[in-house]
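Please read the structure below before turning to the comments.
Nothing in this text is a laboratory measurement; each read-out follows from the coordinates by a stated rule. Predicted, not measured: the structure shown is a model, and the values here were computed from it. When we count neighbours, we look across all protein chains shown, and the Cβ atoms used for this are built from the backbone with ideal geometry, even at glycine.
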Amino acid sequence: MTVVTREITLQTRGNVDIIDFTDKVAELLRESHLNDGIVTVFVPGSTGAITTVEYEPGLLEDLSNALERMMPQGIEYKHNLRWGDANGHSHVRASLLGPSVTIPFSNRKLLTGTWQQIVFIDLDVRPRSRRIIVQIMGE
């Protein structure tokens, strides 16, 4: 078993900025020269999330709207009272969506579905530079 760890940097706009970076993960996989195994994609930080979606405008809007309905910005969060940074909803959203996904690969290709893309969701309230860890394990 070989483990290859790489990083991807994404520039985000904040406020549920959803970025498809499937091609970047696939490129790192090809460069690893591993044929079969798993890829784990992870965001360090507590206001970002990694998941898979069908990356099309309607669904992106639906996801953003669903997050607002379930965890709205305009209500009281104890985190905001403690830190005054108005991103309590960002932390709650990220906690529920999660910081990582693991995807199997075979013949140097991700085994994702036809309409399944790997996305980073910036849930914080401001633009930032985000570091994504990609760990490829296999043979």
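When we screen 127, 99, 72 for residues that are touching a Phe, Trp or Tyr at 6+ places or on another chain (Cβ under 7 Å) and over 19 Å from residue 27 (Cα atoms), the only hit is 99.
Under the condition of being of a type outside the set (A, V, I, L, M) and part of a loop (DSSP other than H, G, I, E, B), the residues counted in the range 45-87 number 14. Against the test of being surrounded by 14 or more Cβ atoms within 10 Å (Cβ to Cβ) and within 17 Å of residue 8 (Cα to Cα), the options 53, 101 yield a single qualifying residue, 101.
Can you pull out the residues in the range 88-98 that are exposed (fewer than 15 other Cβ atoms within 10 Å of the Cβ), part of a helix (DSSP H, G or I) and of a type in the set (Gly, Ala, Ser)?
95
In the range 4-21 there is at least one residue that is part of a strand (DSSP E or B), aliphatic (A, V, I, L, M) and either over 22 Å from residue 128 (Cβ atoms) or over 14 Å from the mean Cα position of the chain (by Cα) (or both). Scanning the range 80-112 for residues that are of a type in the set (Gly, Ala, Ser) and free of Cβ contacts under 8 Å to residues at least 40 places away in the same chain yields 84, 86, 88.
In the range 105-122, the qualifying residues are those that are in contact with an Asp or Glu (Cβ under 8 Å, 6 or more places away or on another chain) and over 20 Å from residue 57 (Cα atoms), and the one that is surrounded by the fewest Cβ atoms within 10 Å (Cβ to Cβ) is 107.
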